[in-house]
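The values are calculated or read from the model by the stated rules, or taken from the named source; none is laboratory data. Since this is a predicted model, take the numbers as computed values, not measurements. With ideal geometry, Cβ positions are generated from the backbone for all residues, glycine too; neighbour counts draw on all protein chains shown. These area figures cover heavy atoms from the full protein model, side chains too; ligands, DNA and RNA do not enter into them. Shrake-Rupley method; radii C 1.70, N 1.55, O 1.52, S 1.80 Å.
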Amino acid sequence: MVLEFEKPIADLEHKLREMKELAKGKNIDLSSDIESLEDKLKTLKKETFQNLTRWQRVQLSRHSDRPYALDYIYEITKDFIELHGDRNVKDDKAMVGGLGDIDGKTVMFIGQQKGRNTKQRQERNFGMANPEGYRKALRLMKIAEKFNKPIITLIDTPGAFPGLEAEERGQGEAIALNLREMFKLKVPVICIIIGEGASGGALGIAIGDKVFMLENTWYSVISPESCSSILWRSWDYKEQAAEALKLTASDMLNHKLIDGIIEEPLGGAHKDMKTMANLVKSTIKSSLEELEGLSSQERIQKRIEKFCAMGVFTEP
Amino acid sequence: MGLNLTYMAWFKRKDAGIKTSTEEKKDTPDGLWYKTPKGNIIHTRELKNNSYVCPDDEYHVKIGSKEYFEILFDDNKFTELDTDMISGDPLRFVDSKPYTQRIQETISKSNLKDAARTGIGKLNGMEVIITCMDFSFIGGSMGSVVGEKISRAIDHALEHKIPFLMISKSGGARMMEAGFSLMQMAKTSAKLALLDEAKIPYISLLTDPTTGGVTASYAMLGDFNIAEPGALIGFAGPRVIRETIGKDLPKGFQSSEFVLEHGFLDFIIDRRQLKNRLGTLLNLLKN
């Protein structure tokens, strides 16, 4: 998939590839042309990605080539054992988790998982978890706590699933319980928004000592489309809604609603999966080192204080 | 006018989105006579004496913090906390009008400062702290002020070791505060984690309607989750669910009775018995 604003770059990349093949096939020296084209491409990429609108970042966060939770997990870990089920209703395929190691250190991974093709997308329910997904996540968090393993959550969801059965099985209660219980976890918790961070469905696994967003992701109370439909009474104002919601990583950091941003390779996470995973890995490692220097009591207190400081109001 | 709209809606839904007339949105009946959705007519004085429940059809009229405090606190005596807290506008949010203007207009129209008020007083002689939401303030939406008031109420409950009652009535998080309103779910849940650990009773009363981020945080976290009859309670709104599944919703879906049946409420309570039932429950916990 190529996004509208990626097109000029893709065209130039195509041209460059053709020229390289031509040079190789016909054995002619085009190195100066290739070099100037490469320079041009670099400049274009920089210009495009330095000036992305908020809506364009939303589009990038949903890019169908973007790495998903399991892509990161398998790239980062040597051994990973996926764990299933909420021990109650079923195994929610939109929420994955398991134990893995990062350079010899065991952690519990939990994350929303999207699918790559139509069949997978349906199986993963487009990354929209049901209550059993949130309960599975909490179960795994308690296992991690029991065995004193840090928790890493990877957030990527267009929202908790708004379905009939989800309501019957208590979607609201499931998310609410996670919020409260995550504040009590004695082990370090690191949360990373790797794609979409839509509302309560995202927050349900995003209460952490450290909350990071990848550079081209969004995190807010509602998607720009839904915001547009409610406040503007039309689906056509998603760009304005994205601007108004201030939902990008830098917006969220400016407002101190997250702790940091993980930069993406030029062109976005999907352009260089390995580099991206390594950046995520090193962020996890350095954060863990910092968090493990604190006692569990200190971590819990800081976690609570951090979220309790969020909010803007005046009192005369 | 109201009737015409209803009939037209039977035939054709011309407009997308929610169209509730200002009159329907009003929390408290202020005319001399009140007409319930089933068409029963009752004098407002009688309604008030009856905890705002229509005696003919048991319809629970949507009321606000003023009425709940009057119903619950002994002799309507209570001390209000954080009376002058007003929302900021960190995002400089503008949709059809600037958020600050919307706030100011709602303040002068509703006589409220935001969508929640906290009172401390006695309920059947027992000291309690109550935070109650007001739907007439931007749909009872939860923003920074609601989150902070609830947090402080819980702090007070912790400090004085008194039970906390939360009365929810809300369409969910306030969009105009975007990321900030989302984080109020986290903030209130953090405080409730402390209350939980301190083993101080938390009763959550869900009233019509309680949806969205409010359901997915403090409203569902009570040691006791209770509701008024016939209230709409859910995470996703009915319209969104209908669009998702492409089917009409079963009758009674997301009603208090439905939520009780599925195991997420401890009991449903008629508003006329609310105070005494709460008193009994608190007594049982105390003795």
Heavy-atom accessible area per residue, region A:4-51, 1.4 Å probe: how many Å²?
-> 76 Å²
At 1.567 mPa s and 4 °C, Stokes D of region A:58-308 from Kirkwood alpha-carbon radius, µm² per second = 72 µm²/s
Return the ratio Rg/(2.2 N^0.38 Å) for chain B, where Rg is computed over Cα atoms only.
-> 0.99
Fraction of antiparallel bridges per DSSP, chain B only, in percent to nearest 5 = 50 percent
Each residue of A:158-169 has, on average, a number of other protein chain C-beta atoms within 10 Å of its C-beta equal to 6
Among the trypsin sites (Lys or Arg not before Pro) within region B:123-162, which fall in a DSSP loop and have no more than 12 other Cβ atoms within 10 Å of their own Cβ?
-> B:161
With the full set of protein chains in place, find how many percent of the accessible area of chain A is carbon and sulfur; take the probe as 1.4 Å.
-> 49 percent
Kindly provide the GluC sites (Glu not before Pro) of region A:242-316 that DSSP labels as loop, not H, G, I, E or B, and whose Cβ sees at most 16 other Cβ atoms within 10 Å.
-> A:263, A:292
Its Cα gyration tensor gives region B:117-234 an equivalent ellipsoid whose semi-axes in whole Å, largest first, are 21, 16, 12
Considering the alpha-carbon set of the protein assembly as shown alone, what are its Rg and its Dmax in angstrom?
-> 25.9, 97
Whole-number percent relative contact order across chain B, with pairs defined as alpha carbons under 8 Å at least 6 apart | 13 percent
Net lengthening on full extension, residue B:239/residue B:158 (0.36 nm per residue, minus Cα-Cα) | 25.3 nm
Relative packing of peptides A:189-198, B:240-249, A:134-143 - highest average C-beta neighbours within 10 Å first | A:189-198, A:134-143, B:240-249
Considering only DSSP beta bridges where both residues belong to the protein assembly as shown, give the percentage that are antiparallel (nearest 5).
-> 45 percent
Please report the relative contact order for chain A, taking Cα pairs under 8 Å with a sequence separation of at least 6, and give it as a percent rounded to a whole number.
-> 15 percent
Please name the residues of region B:88-103 whose accessible area, counted over protein heavy atoms with a 1.4 angstrom probe, falls by no less than 50 Å² between the chain alone and the full protein assembly.
-> B:91, B:93, B:95
Counting only protein heavy atoms and rolling a 1.4 Å probe, one gets per residue an accessible area for chain B in Å² of 46 Å²
Lys, Arg +1 and Asp, Glu -1 on Cβ, resulting dipole of the protein assembly as shown about Cα centre, debye, nearest 20 = 540 debye
Give the carbon-plus-sulfur fraction of the accessible surface of chain B in %, rounded to a whole number; probe 1.4 Å, heavy atoms of protein chains only.
-> 51 percent
Where the centre of each part is set by its Cα atoms, how far does region A:255-316 sit from region B:202-252, in angstrom?
-> 32 Å
Largest-first principal axis extents of the Cα set of region A:4-51 (Å) | 39, 19, 8
Taking alpha-carbon centroids only, region B:154-193 lies from region A:11-72 a number of Å equal to 47 Å
On complex formation of B with A, accessible surface lost, both sides summed, probe 1.4 Å, nearest 100 Å², amounts to 4600 Å²
Taking region A:4-51, the lysine pairs whose C-alpha atoms sit under 23 Å apart (8 or more places apart or on different chains) add up to 18
Which listed residue (A:270, A:166, A:67) has the Cα farthest towards the positive end of the charge dipole for chain A, taking +1 on Lys and Arg C-beta and -1 on Asp and Glu C-beta about the Cα centre?
-> A:166
In Å², nearest 10: area of residue A:86 left accessible to a 1.4 Å probe = 10 Å²
Roughly how many whole Å is it from the C-alpha centroid of region B:93-133 to that of region A:103-139?
-> 38 Å
Accessible surface of residue B:267 in the full protein assembly, 1.4 angstrom probe, to the nearest 10 Å²?
-> 50 Å²
